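Worksheet for the structure shown next.
The values are calculated or read from the model by the stated rules, or taken from the named source; none is laboratory data. What you see is a predicted model, and the numbers here were worked out from it, not measured in a lab. Note that each Cβ is placed from the backbone with ideal geometry, even for glycine, and that neighbours are counted across all protein chains shown. Heads up: the accessible areas ignore ligands, DNA and RNA and are worked out on the full protein's heavy atoms, side chains in. Shrake-Rupley method; radii C 1.70, N 1.55, O 1.52, S 1.80 Å.
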Amino acid sequence: MNARRFKLALLLLVIGVGMFLVSSHWRPAQAVGANVSAHQALIEEYCVGCHNQKAKTADISVEGLDFNNVSKDAAVWEKVLRKVRTGQMPPANLPQPKAQDVTSFVNWLETSLDKAAAANPNPGRPVAHRLNRAEYSNAIRDLLAVDVKPGAALPVDDSGYGFDNIGEVLTLSPALLEKYMSVARRVSRLAVGDPTIKPTEERFAPPRITRSERISDDLPFYSRGGMSFQYYFPHDAEYLLRVKTPGENARYFEARLPIKAGLRTVGVTFPREGAKPEPPLPTMGNRPGGPPRPAGKIPMDIRLDGAQVKRFEVSDAINIEVFIVNGPFNVTGRGETPSRSKIFICRPTKVSEESSCAKKILTNLAHRAFRRPVTTADVTPLLAFYQAGRKGGDFEAGVQSAIEALLVSPDFLFRIERDPRTAPRGQAYRLSDVELASRLSFFLWSSIPDEELLTLAEQGKLKDATILQQQVQRMLDDPKSQAFVSNFGGQWLHLRNLDTTTPDPELFPTFDEGLRRAFRRETELFFESVLRENRSVFDLLDANYTYLNQRLAEHYGVPGVYGSQFRRVPISDPNRGGLLGQGSILTVTSYPNRTSVVQRGKWILENLLGAPPPPPPPDVPDLKPHGKDGRLLSMREQMDLHRANPICASCHSRMDPIGFALENYDAIGRWRTKDAGLVIDASGKLPDGTKFTGPGELRKILLTGHRDEFVATVTEKLLTYGLGRGVEYYDLPTVRSILRETARDNYRLPTLISAIVKSTPFQMRRSPTS
């Protein structure tokens with residue numbers, strides 16, 4: 001190839017790459033067209049009139065901003081960039097600049113802000129982070145192999161920025177510390193097997209289920225009704241399992257059984273008619289089946305770890321009121337539980353070996369609990385607690401006392417990142433590898449690093465980008481990443497609110513605990529599929545499948561789905577695809593007795609578009625359900641009256657059109673065509689003039705005209721959760737960098753997660769300024 005042809009080919013290649021970048025969403029911003037004076041003129045003509053030092057509309061003033069040094073007022077400039085980029089400013093009812101001028105301004109401002117951030121990175125300075133309830137439970141599970149969810153005994157954590165892992169709000173009061181101490185004592189006694197544990201009684205109430213169906217995957221496929229729960233049996237001993245039936249003629253059914261120590265799945269259920277009896281169990285000696293049962297009686301089975309251990313004949317009601325566990329009685333030993341195997345990595349055979357063995361055990365546990373190499377100064381206080389416990393008991397009592405102290409140590413309860421002595425004041429520095437390992441494990445697992453991750457960190461290998469990416473993929477593939485689904489997904493999508501949602505039983509008699517669980521399970525499985533199958537986050541809005549069991553399929557009107565087990569089901573109805581058609585979202589954004597156009601619109605603005613409306617003004621009047629003639633008004637009619645108030649109209653013009661698009665769904669997500677006897681009008685019009693009707697068209701608008709806002713919001717939510725702090729103005733250049741990087745892969749969820757782990761705010765920290 002001669003030189004001329006080579007230059008021509010090179011020119012075509014450059015042009016081709018340039019066209020690709022320009023066509024991409026979140027392309028690398030470029031300063032095109034007009035110069036700084038033209039951008040300043042645009043701001044003065046279209047913005048300063050409202051956003052000046054005197055008026056300061058929305059608490060923003062752009063008067064006097066330095067166009068030659070945008071880093072000086074980066075917080076204000078970032079607000080300007082977001083409002084102008086998304087078309088929110090200037091308001092639709094005011095004069096508008098030319099589109100090319102807006103594009104030029106946005107590109108210039110974005111480029112200027114990103115260059116300034118790259119020259120002087122600010123990764124933030126997160127505060128010491130107390131483990132929240134979920135993290136505390138998971139950390140104890142992974143440290144001691146005691147999966148009793150001890151965090152449930154602690155007060156509910158405060159939330160900030162939509163999540164309960166925000167360091168700023170995870171404070172530690174004296175009352176909470178007492179709770180931690182109480183929980184630590186209980187956990188340490190269960191983990192070691194404290195022989196002084198006395199018999200206790202614990203009661204478990206079944207969920208309210210209105211249908212005769214299998215209620216748990218822990219129970220047999222052919223079962224119906226009953227309940228299932230996990231229980232930690234503290235010793236090898238006898239335990240009394242009692243079942244009480246409801247009603248005036250309530251009866252107790254009892255089974256006193258020898259049970260090995262450890263975590264067991266306990267269940268009670270009723271086999272369906274025609275189910276074959278199970279074979280006799282070799283260890284328990286309780287033979288199912290037997291002679292034909294009397295008329296009007298049905299079998300009820302008590303089960304342990306999936307096996308039937310006792311059968312009773314009960315009346316024709318498949319309900320129970322309470323399941324009671326009493327014990328332990330006639331203790332035969334501490335048992336060989338997973339927790340004891342994990343704790344006792346050595347076993348002294350004589351008194352002279354005890355101290356060295358205790359040191360070995362506590363050094364090993366402290367290493368995992370503190371998530372870093374430990375020193376003599378870390379272990380010595382634990383050994384003092386061991387000695388105190390040993391004086392009042394045996395070797396294992398001493399270890400139990402030390403574990404109790406370890407579980408309330410600040411190094412366990414808090415994630416503490418220490419500034420290097422050599423770090424310059426007010427400058428960004430890279431986290432140590434062990435600190436990065438903790439950030440990563442709590443991001444993806446809500447728990448402590450495992451042995452592999454901690455070992456790599458201590459070897460300094462997480463600095464290697466290839467090794468770090470391998471660990472991210474391994475951790476996402478691990479079952480412990482289910483915590484990411486339930487904790488991140490559950491809070492971002494407000495699934496946790498299902499637990500406290502109580503639709504009016506008179507208006508919605510079919511809503512019960514079974515439907516509540518089905519709502520949550522559908523969305524969790526759906527979100528998990530996007531993660532596990534390496535899908536784009538856009539699939540969250542328009543996937544052509546969901547997960548249903550028979551109960552939920554009947555609720556949605558989907559035919560051909562039978563049984564209580566969930567399975568993947570293709571969706572052809574454009575009104576059901578993606579999150580916006582799922583009962584979980586539609587129920588948590590409704591009131592107990594009706595839908596809420598406002599709540600649904602607000603949920604989309606806040607969680608999908610990153611544009612939450614301001615808080616409502618005080619003394620907002622309630623909706624009026626009846627007109628002047630006494631007629632019951634539809635939701636649209638009620639909202640029309642409400643928006644007649646000018647104070648209310650400004651915010652509702654953004655929320656209400658979105659909410660009306662979902663009005664065909666009732667307060668528990670069922671499809672309907674009428675409201676108050678009138679045909680539902682699901683049409684809407686956005687402030688920019690865009691018109692649509694129904695959830696299908698709303699979804700298309702989100703995926704076309706607002707896809708940048710959606711993927712930016714998902715990224716900001718992930719970054720907030722991963723950092724344990726709110727996203728600040730100085731993080732937004734990082735968000736844009738992540739979006740440009742992941743655009744090449746169509747914003748796949750695992751790719752977004754990996755990009756966040758590689759980002760400056762995740763891997764770095766700013767030293768104090770003084």
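The table that follows gives values for the structure above.
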| item | result |
| --- | --- |
| Residue list for the range 426-462, restricted to those being among the aromatic types (F, W, Y) and more than 15 Å from E135 (Cβ to Cβ) | Y429 |
| F566 vs. criteria open to solvent by less than 30 Å² (accessible area, probe 1.4 Å), more than 15 Å from L662 (Cβ to Cβ) and not aliphatic (A, V, I, L, M) | no |
| All helices (runs of 4 or more DSSP H) inside the range 537-631 with 2 or more residues being among the charged types (D, E, K, R) | 539-542, 550-556, 597-607 |
| So Y556, is it within 18 Å of D666 (Cβ to Cβ), aromatic (F, W, Y), over 18 Å from the mean Cα position of the chain (by Cα) and open to solvent by 20 Å² or more (accessible area, probe 1.4 Å) | yes |
| Test result for D708, of a type in the set (D, E, K, R), outside any loop (DSSP other than H, G, I, E, B) and either out of contact with any Leu (no Cβ under 7 Å at 6 or more places or on another chain) or at pLDDT 95 or above (or both) | yes |
| Qualifying residue in the range 357-368 (condition: charged (D, E, K, R), more than 30 Å from S432 (Cβ to Cβ) and open to solvent by less than 70 Å² (accessible area, probe 1.4 Å)) | no |
| Of all residues making up the range 492-532, the number that are part of a helix (DSSP H, G or I), open to solvent by 20 Å² or more (accessible area, probe 1.4 Å) and more than 22 Å from G563 (Cα to Cα) | 5 |
| Total residues in the range 65-98, condition closer than 17 Å to E45 by Cβ, assigned to a helix (DSSP H, G or I) and open to solvent by 70 Å² or more (accessible area, probe 1.4 Å) | 1 |
| Members of the range 233-244 found to be in contact with a Lys or Arg (Cβ under 8 Å, 6 or more places away or on another chain) and assigned to a strand (DSSP E or B), listed by number | F233, D236, E238, Y239, L240, L241, K244 |
| Neighbours by Cβ (under 8 Å, 6+ apart or cross-chain): first from the range 174-191, free of Cβ contacts under 8 Å to residues at least 40 places away in the same chain; second surrounded by 18 or more Cβ atoms within 10 Å (Cβ to Cβ) | R186/P150 |
| Subset tally (residues that are more than 25 Å from the chain's Cα centre (by Cα) and either at positive phi or among the aliphatic types (A, V, I, L, M) (or both)) for the range 699-722 | 1 |
| Selection count, the range 576-603, where residues are of a type in the set (S, T, N, Q) and either without any contact (Cβ under 8 Å) to a residue 12 or more places away in the chain or touching a His at 6+ places or on another chain (Cβ under 9 Å) (or both) | 2 |
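Okay, residues lined up against (1) at pLDDT 95 or above; (2) closer than 24 Å to T332 by Cα; (3) outside any helix (DSSP H, G or I); (4) among the acidic types (D, E):
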| residue | (1), (2), (3), (4) |
| --- | --- |
| I140 | yes, no, no, no |
| L143 | yes, no, no, no |
| V146 | yes, yes, yes, no |
| K179 | yes, no, no, no |
| A191 | yes, yes, no, no |
| E202 | yes, yes, yes, yes |
| I209 | no, no, yes, no |
| Q230 | yes, yes, yes, no |
